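Trainee: Take this structure first; my questions come after.
The values are calculated or read from the model by the stated rules, or taken from the named source; none is laboratory data. Here the structure is a predicted model, which means the values were calculated and not measured. All Cβ positions, even for glycine, are placed from backbone atoms using ideal geometry, and neighbour counts span all protein chains on display. Calculation scope for accessible area: heavy atoms of the full protein, side chains included, ligands and nucleic acids excluded. Shrake-Rupley method; radii C 1.70, N 1.55, O 1.52, S 1.80 Å.
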Amino acid sequence: MGADRKIARWDRIVEYFHRLQKESKRIKVIHMGPSTEGHPFLTVIVTSEENMKNLDRLQDINVTLTNPGELTEEEARPLVAEGKAVVIQSMSLHASEIGGTQMSPELAYELATREDEEARRIRDNVVSIMVPSFNPDGQIMVTDWYNKYLGTEYEGVNTPFLYHKYTGHDNNRDAFMTNIVESRYMARLMFHDWPPQAYQDHHHMGSYGARLYVAPYSDPIHPHGDPLVWRELAWYGAHMAYKLEEAGKSGIVNAAIFSGWAHLGFHWLGIYHNIPSMLTESASAKLATPLFIHPEQLKEETKMSTLVGTRMLPHYKPTTNFPNPWPGGWWRLRDIVEQQKVASWALLDHMARNKETILWNAYQKAVRQTERGAEDPVMAYVVPLSQHDPRTMELMIEKLLVQNVEIYRAKSPFTGDGVVYEEGSYVIPLAQPKMGLIKTLLGRTRFPDDSFTRMPDGSPHRPYDSATDTMAEFMGVAVDPVEFITEVELEPMDDYKQPVGAVDESSKVGFLLDARENHAFKAVNMLLAEEVPVMRVTEALMAGDYELPPGCFIVEPGHEEKLTDIAEETGVSFHALVELKADTAPVKQLRVGMYQRYWGGNMDEGWTRLCLEQYCFPYATLMDEEIKKGGLRESYDVIILPSDAPAMITGGDELKKWWKEQRQGWELPEYPPEYRSGLGDEGKKALREFVEKGGTLLCLGESSMYAVDALELKVANVLEKVPSREFHCPGSTLHIDVDTEHPIAYGMPEDALALFWGDPAFKIIPSADNHKYSVIASYPDSDILESGWLVGEERIANRIAALQAEVGEGKAVLIGFKCQHRCQTHGTFKLLFNSLLG
């Protein structure tokens, strides 16, 4: 495995694992289900024959030790003695990082067949679980792409499109939201079926630094993880680095490059599940093609513009965490396979030698985190039944249950910190093993602003990813930390069922659907697909004693059977109207196109496709040629430009110039000509014509500034060229004031949270056309930050976050922040959805 210019394809690897299972009683292959595009997603267990016979018992012990409840130390000790250490290792989550998947069959074969003392000890004391490909679809894409251009000038270049249908490289940012099926499989494996005592995820990194990174992470670290986890990361990492040196592998670094505060992929999220969760990061070759590297090309990781956490490799020479630099020369896929196999084996070896210590500390971490939760000033997080968007609140509960968080529902009203909560409100106590996870996902978060995160001149370093991943804030769900709750009977959510909507009693007037619920848009799309007429109320509406905001949907009577089916599927309810005294307008399903480019693909475009599909919005994908030929208004009402640098949309010389300035140290990929996308002047002209003839150009995030140029809008980005010392906001939730009477903002709350991440903030330049511009949302004058990191609040205070501009007969909608980011920011989805309904 890893031979020059050879990549084993996933179908052959699947075939090989099944053959291993057929020939060995030490291997079990589990087909967890189909991948996004229908390929097998495998879990492979390797352990001794005796352990295989007792696998159910070992699984029960493992689950009990990681969530012990009232289990005493005296009761835990025999389980520790009887149990086996569990490790999960996953490979090639990022499909272009091919070494892990290529390594996995070799690792499994050696684990099953070696008969030396070390191998027997591992099999006897460890249940080794591997996911040989976390991204089977991408593995096939990359393999086929590589083979197609093997022997040509394009050999070894990465795919020009996303290597997952929706997410591309972002698939490991999905562990806490589990939008894609591969994430749900891994969450079931790690957090329910086999919570491991260690998890390791095998990756690649750039080609010109260290040859391999292993645990631990560098500073800063995220709060709320049990201290034992951070110690275990160092413990395991030291053994792996030691065994790699013993095996003659040079260029090994640990405690550098990757910080302990990063995104909530599985290899970081697991820490808050009390699982020491690690990365390996191998230097990349050109896929399976060797790469020659001159000694003078090898470099440090620390530069003035680098990420948080990279300062622990400040130069390319021996240090305590990098004692044996690689001297340069040919670098091959086989080198990657070998070093990842050594690291994998070393982890297994260490766990086998220390099985009882590891299992005892799994029990200790669960107990200690529960005790910390019990001692915390916050007793519990309460999720009130009364919400702006009740169905999205239920969706958040579903996502938390995927994480195996203990959640309870109140069986009667109760009081928390003086607030009365309704029956049916959810209570999430902190006195449980996943205390750290709960505080991470539901509590307000502030990224550290200190010597770890600032350069000597005071400029901030970039976090590795977003500065916060606060689920409740992203989803727009109200969650209250409470210190005291009155006595109330709580029902555990052991058998949670998705809410089922209903249709009220019959009505001669019609049925109302509340536009404050995201799932109402899904219901409307399903109705329109069935050719059921839907109206929209364009003003505030009184329904009994309740005042509903503008934008609610009305369905005429006579379709009750269809309404019942849709209510059951979506979880929203249709309310019978006695009378309707409000202005309405018919709802039309607009013809939507979305721009897709090459150059490795645009992840925001992929996530937006997933978001539209989840809520049943039909759309078409638009490539360069269709846009350039013009006549777009004949086929489309709305064209979406997902968030992207304007130069990436334009292509050509503008892209080359931008890439040289913004991607220093990264060469612009040399793709075959048909994959060098860009709209150029022709595309810009065609989009302007589309808008002038009545179309809507919907621009998300950075692409807004492309529209400003293409349509010659009287709009400026107030943050353009502002140095990071004066303004910095990396992936943080900010308050916005929303005009809920604006049709683009129908159903939104007046005070919402938006995810801001290097985005534009606007001002309207005074002109005779001021009346053609309308503000959808703006930032308040102070206290803008909710969670994350914001430097220079005054730069965006009272500035525009989203606007609409009339151009000819059409309009441009500029949403400066990330309203649908990674299909996670449900709290602002409605800004996207409203733009797609006429």
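Trainee: Kindly establish whether Ala472 is among the aliphatic types (A, V, I, L, M), surrounded by fewer than 20 Cβ atoms within 10 Å (Cβ to Cβ) and modelled with pLDDT of 95 or more.
Mentor: No: the conditions fail for Ala472.
Trainee: If you go through the range 93-152, how many residues are within 23 Å of Asp193 (Cβ to Cβ) and hydrophobic (A, V, I, L, M, F, W, C)?
Mentor: Matching residues across the range 93-152 total 12.
Trainee: Can you pull out the strands (runs of 3 or more DSSP E) entirely within the range 211-266 that have at least 2 residues that are open to solvent by 10 Å² or more (accessible area, probe 1.4 Å)?
Mentor: 218-221
Trainee: Go through (1) within 30 Å of Pro481 (Cα to Cα); (2) in contact (Cβ under 8 Å) with a residue 24 or more places away in the chain for Glu356 and report which single condition fails.
Mentor: Condition (1) is where Glu356 drops out.
Trainee: Those residues that are more than 18 Å from Tyr217 (Cα to Cα) and over 21 Å from the mean Cα position of the chain (by Cα), I need them from the range 455-477; list them, please.
Mentor: Within the range 455-477, Met455, Pro456, Asp457, Gly458, Ser459, Pro460 meet the criteria.
Trainee: Something else about it: In this structure, is Thr440 in a loop (DSSP other than H, G, I, E, B), of a type outside the set (A, V, I, L, M, F, W, C), at negative phi and surrounded by 21 or more Cβ atoms within 10 Å (Cβ to Cβ)?
Mentor: no
Trainee: Does Val337 qualify as being open to solvent by less than 20 Å² (accessible area, probe 1.4 Å) and free of Cβ contacts under 8 Å to residues at least 40 places away in the same chain?
Mentor: On the way: open to solvent by less than 20 Å² (accessible area, probe 1.4 Å): yes; free of Cβ contacts under 8 Å to residues at least 40 places away in the same chain: no.
Answer is no for this residue.
Trainee: Right, another one. Being open to solvent by less than 10 Å² (accessible area, probe 1.4 Å), of a type in the set (A, V, I, L, M), in contact with a helix residue (DSSP H, G or I) (Cβ under 7 Å, 6 or more places away or on another chain) and not in a helix (DSSP H, G or I): is that true of Ala187 here?
Mentor: Answer is no for this residue.
Trainee: Going by the structure shown, is Leu655 within 24 Å of Thr152 (Cα to Cα) and either modelled with pLDDT of 95 or more or of a type in the set (A, V, I, L, M) (or both)? Spell out the reasoning first.
Mentor: Values: within 24 Å of Thr152 (Cα to Cα): no; either modelled with pLDDT of 95 or more or of a type in the set (A, V, I, L, M) (or both): yes.
No; evaluated as a whole, the condition is false for this residue.
Trainee: Test of understanding: among Glu75, Glu106, Glu70, which residue is closer than 25 Å to Phe134 by Cα and of a type in the set (Asp, Glu)? Steps first, please.
Mentor: Details: Glu75 fails: closer than 25 Å to Phe134 by Cα; Glu70 fails: closer than 25 Å to Phe134 by Cα.
When all the criteria are applied, what remains is Glu106.
Trainee: Output the residues belonging to the range 68-106 that are assigned to a helix (DSSP H, G or I), open to solvent by less than 40 Å² (accessible area, probe 1.4 Å) and among the aliphatic types (A, V, I, L, M).
Mentor: Ala76, Leu79, Val80, Met103
Trainee: For residues that are more than 21 Å from Glu505 (Cβ to Cβ) and either under 33 Å from the mean Cα position of the chain (by Cα) or modelled with pLDDT of 95 or more (or both), tally how many sit in the range 539-556.
Mentor: Count: 3.
Trainee: Could you list, in sequence order, the residues of the range 633-654 that are touching a strand residue (DSSP E or B) at 6+ places or on another chain (Cβ under 9 Å) and charged (D, E, K, R)?
Mentor: First, the residues of the range 633-654 that are touching a strand residue (DSSP E or B) at 6+ places or on another chain (Cβ under 9 Å): 633, 635-644, 649.
Of everything in the range 633-654, those that are touching a strand residue (DSSP E or B) at 6+ places or on another chain (Cβ under 9 Å) and charged (D, E, K, R) turn out to be Arg633, Asp637, Asp644.
Trainee: Is one or more of the residues making up the range 409-422 closer than 25 Å to Thr66 by Cβ, among the hydrophobic types (A, V, I, L, M, F, W, C) and open to solvent by less than 10 Å² (accessible area, probe 1.4 Å)?
Mentor: no
Trainee: Go through the residues of the range 225-232 one by one and say whether even a single one is touching a residue at least 24 places away in the same chain (Cβ under 8 Å) and in contact with a strand residue (DSSP E or B) (Cβ under 6 Å, 6 or more places away or on another chain).
Mentor: No, there is no match, as no residue in the range 225-232 is touching a residue at least 24 places away in the same chain (Cβ under 8 Å) and in contact with a strand residue (DSSP E or B) (Cβ under 6 Å, 6 or more places away or on another chain).
Trainee: Could you identify the single residue in Tyr595, Tyr636, Tyr619 that is in contact (Cβ under 8 Å) with a residue 24 or more places away in the chain, crowded, with 18+ Cβ neighbours inside 10 Å and farther than 30 Å from Thr538 by Cα?
Mentor: Working: Tyr636 fails: farther than 30 Å from Thr538 by Cα; Tyr619 fails: farther than 30 Å from Thr538 by Cα.
So the residue among Tyr595, Tyr636, Tyr619 that is in contact (Cβ under 8 Å) with a residue 24 or more places away in the chain, crowded, with 18+ Cβ neighbours inside 10 Å and farther than 30 Å from Thr538 by Cα is Tyr595.
Trainee: Okay, next question. Of all residues in the range 478-520, which are under 28 Å from the mean Cα position of the chain (by Cα), open to solvent by less than 30 Å² (accessible area, probe 1.4 Å) and under 20 Å from Tyr408 (Cα atoms)?
Mentor: If the condition is that a residue be under 28 Å from the mean Cα position of the chain (by Cα), open to solvent by less than 30 Å² (accessible area, probe 1.4 Å) and under 20 Å from Tyr408 (Cα atoms), then Val479, Met493 are the ones that fit.
Trainee: While we're looking at this one, here's another question. Among residues belonging to the range 721-755 that are open to solvent by less than 10 Å² (accessible area, probe 1.4 Å) and β-branched (Val, Ile, Thr), point out the one that is farthest from Pro550 (Cα to Cα).
Mentor: Step by step, filter the range 721-755, then rank; the result is Thr733.
Trainee: Regarding the range 679-689, can at least one residue be identified that is modelled with pLDDT of 95 or more, of a type outside the set (Gly, Ala, Ser) and under 24 Å from Phe617 (Cβ atoms)?
Mentor: Within the range 679-689, the first condition is being modelled with pLDDT of 95 or more, and the residues that meet it are 679-689.
Narrowing further to those that are of a type outside the set (Gly, Ala, Ser): 679, 681-682, 684-685, 687-689.
Among the residues that remain, those that are also under 24 Å from Phe617 (Cβ atoms) are: 679, 687.
Looking through the range 679-689, at least one residue is modelled with pLDDT of 95 or more, of a type outside the set (Gly, Ala, Ser) and under 24 Å from Phe617 (Cβ atoms).
Trainee: Related question: Among the residues of the range 651-667, are any within 24 Å of the chain's Cα centre (by Cα), closer than 30 Å to Leu755 by Cα and either open to solvent by less than 60 Å² (accessible area, probe 1.4 Å) or small (Gly, Ala, Ser) (or both)?
Mentor: Among the residues of the range 651-667, not one is within 24 Å of the chain's Cα centre (by Cα), closer than 30 Å to Leu755 by Cα and either open to solvent by less than 60 Å² (accessible area, probe 1.4 Å) or small (Gly, Ala, Ser) (or both), which makes the answer no.
Yes or no, residue by residue, for (1) modelled with pLDDT of 95 or more; (2) out of contact with any Phe, Trp or Tyr (no Cβ under 8 Å at 6 or more places or on another chain); (3) of a type outside the set (S, T, N, Q):
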position: Val738; (1), (2), (3): yes, yes, yes
position: Phe756; (1), (2), (3): yes, no, yes
position: Pro760; (1), (2), (3): yes, yes, yes
position: Ile765; (1), (2), (3): yes, yes, yes
position: Gly788; (1), (2), (3): yes, no, yes
position: Gly792; (1), (2), (3): yes, no, yes
position: Ile796; (1), (2), (3): yes, no, yes
position: Gln804; (1), (2), (3): yes, no, no
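Trainee: Which one is nearest to Ile428 (Cα to Cα) among residues in the range 489-537 that are among the polar types (S, T, N, Q) and at pLDDT below 95?
Mentor: Of the range 489-537, the ones among the polar types (S, T, N, Q) are 498, 506-507, 518, 525.
Still in the running and at pLDDT below 95: 498, 506-507.
Numbers: Gln498: 18, Ser506: 38, Ser507: 39 Å.
It comes out as Gln498.
Trainee: Check off (1) surrounded by fewer than 24 Cβ atoms within 10 Å (Cβ to Cβ); (2) of a type outside the set (Gly, Ala, Ser); (3) on the phi > 0 side of the Ramachandran plot for Asn354 and give me the number that stays unchecked.
Mentor: Condition (3) is where Asn354 drops out.
Trainee: Let me ask something else. Kindly indicate whether any position in the range 781-803 is crowded, with 16+ Cβ neighbours inside 10 Å, among the aromatic types (Phe, Trp, Tyr) and touching a helix residue (DSSP H, G or I) at 6+ places or on another chain (Cβ under 9 Å).
Mentor: First, pick out the residues of the range 781-803 that are crowded, with 16+ Cβ neighbours inside 10 Å: 784-793, 795-796, 799-803.
Those left that are additionally among the aromatic types (Phe, Trp, Tyr): 789.
Checking which are touching a helix residue (DSSP H, G or I) at 6+ places or on another chain (Cβ under 9 Å) leaves us with none.
Scanning the range 781-803, I find no residue that is crowded, with 16+ Cβ neighbours inside 10 Å, among the aromatic types (Phe, Trp, Tyr) and touching a helix residue (DSSP H, G or I) at 6+ places or on another chain (Cβ under 9 Å), so the answer is no.
Trainee: In the range 129-173, which residues are open to solvent by 30 Å² or more (accessible area, probe 1.4 Å), touching a Ser or Thr at 6+ places or on another chain (Cβ under 7 Å) and not in a loop (DSSP other than H, G, I, E, B)?
Mentor: Matches in the range 129-173: Met141 only.
Trainee: Determine if the range 749-763 includes at least one residue that is outside any strand (DSSP E or B), more than 13 Å from Leu803 (Cα to Cα) and hydrophobic (A, V, I, L, M, F, W, C).
Mentor: yes
Trainee: Right, another one. For the range 107-126, enumerate the residues that are open to solvent by 10 Å² or more (accessible area, probe 1.4 Å), under 37 Å from the mean Cα position of the chain (by Cα) and closer than 17 Å to Val342 by Cβ.
Mentor: Listed by number, the residues that qualify are Tyr109, Glu110.
Trainee: Could I ask something else about it? Condition test on Asp465, is it in contact with a Gly (Cβ under 8 Å, 6 or more places away or on another chain) and open to solvent by less than 30 Å² (accessible area, probe 1.4 Å)?
Mentor: yes
Trainee: Between Lys581, Lys497, Lys562, which is farther than 30 Å from Asn404 by Cβ and part of a loop (DSSP other than H, G, I, E, B)?
Mentor: Testing whether each residue is farther than 30 Å from Asn404 by Cβ and part of a loop (DSSP other than H, G, I, E, B) leaves just Lys581.
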